[in-house]
Amino acid sequence: MDPVLKTRNTNSGFESEWEGYLTIPFISQWKEKTNSFPWKAGSQIILDLKNIQRIDASGVQLLVYLKKKSEDKHCLMTIRNHSLPVLKCFDLLGVVSFFGDKIKLKKEYANEVEFSYGTKKA
């Protein structure tokens, strides 16, 4: 599914709502769309991922790249409204703490993700 990115300016920066498949066949399109982000020092960037239907490692790599770029540009990037596929992928790869975003887990998702990596002793 082709990427849809709706970006709007806010008082502190901008918010971008993402929809589609954040997977390898579409990653170059996503990257191209994010190239137009208005990176300004001190601004806040909010990525709303509630409409991401699929994500793979390349999608996570793009998000990591954007997080690093936001730090380089002295911006604060936040991911919110994680869709279930995003939560599952983050859980599987153990990257929730890397992004450091607050996750609001819906009750119906509680049995789908554990977020228990690194907590079990061998």
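The values are calculated or read from the model by the stated rules, or taken from the named source; none is laboratory data. Only a predicted model underlies this, so the values are computations on that prediction, with no experimental measurement involved. Ideal geometry is used to build each Cβ from the backbone, glycine not excepted, and the neighbour counts take in all protein chains shown.
Among the residues of region 62-72, those that are surrounded by 13 or more Cβ atoms within 10 Å (Cβ to Cβ) and of a type outside the set (Ser, Thr, Tyr) comprise Leu62, Leu63, Val64, Leu66, Lys67, Lys69.
The rows are residues; the columns are (1) at pLDDT 95 or above; (2) β-branched (Val, Ile, Thr); (3) under 18 Å from Lys102 (Cα atoms); (4) in contact with a helix residue (DSSP H, G or I) (Cβ under 6 Å, 6 or more places away or on another chain).
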{"position": "Ile27", "(1), (2), (3), (4)": "yes, yes, no, yes"}
{"position": "Lys31", "(1), (2), (3), (4)": "yes, no, no, no"}
{"position": "Lys50", "(1), (2), (3), (4)": "yes, no, yes, no"}
{"position": "Ala57", "(1), (2), (3), (4)": "yes, no, no, no"}
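Looking only at residues of region 73-102 that are over 23 Å from Asn11 (Cα atoms) and without any contact (Cβ under 8 Å) to a residue 24 or more places away in the chain, we find that the one that is surrounded by the most Cβ atoms within 10 Å (Cβ to Cβ) is Val96. Looking only at residues of region 6-41 that are of a type in the set (D, E, K, R) and loosely packed, with under 14 Cβ neighbours inside 10 Å, we find that the one that is farthest from Tyr65 (Cα to Cα) is Arg8. Give the residue that is surrounded by the fewest Cβ atoms within 10 Å (Cβ to Cβ), with candidates limited to residues of region 42-58 that are polar (S, T, N, Q) and more than 23 Å from Leu93 (Cα to Cα). Checked region 42-58; the qualifying residue surrounded by the fewest Cβ atoms within 10 Å (Cβ to Cβ) is Gln44. Within region 5-19, being on the phi < 0 side of the Ramachandran plot and out of contact with any helix residue (DSSP H, G or I) (no Cβ under 9 Å at 6 or more places or on another chain) holds for Lys6, Arg8, Asn9, Thr10, Asn11, Ser12, Phe14, Glu15, Glu17, Glu19.
Selection of helices (runs of 4 or more DSSP H) fully inside region 1-120 by the criterion of at least 2 residues being in contact with a strand residue (DSSP E or B) (Cβ under 9 Å, 6 or more places away or on another chain) returns 27-34, 57-72, 84-93.
Evaluate the following for Lys102: is it at pLDDT 95 or above and under 13 Å from the mean Cα position of the chain (by Cα)?
Spelling it out, it is not the case that Lys102 is at pLDDT 95 or above and under 13 Å from the mean Cα position of the chain (by Cα).
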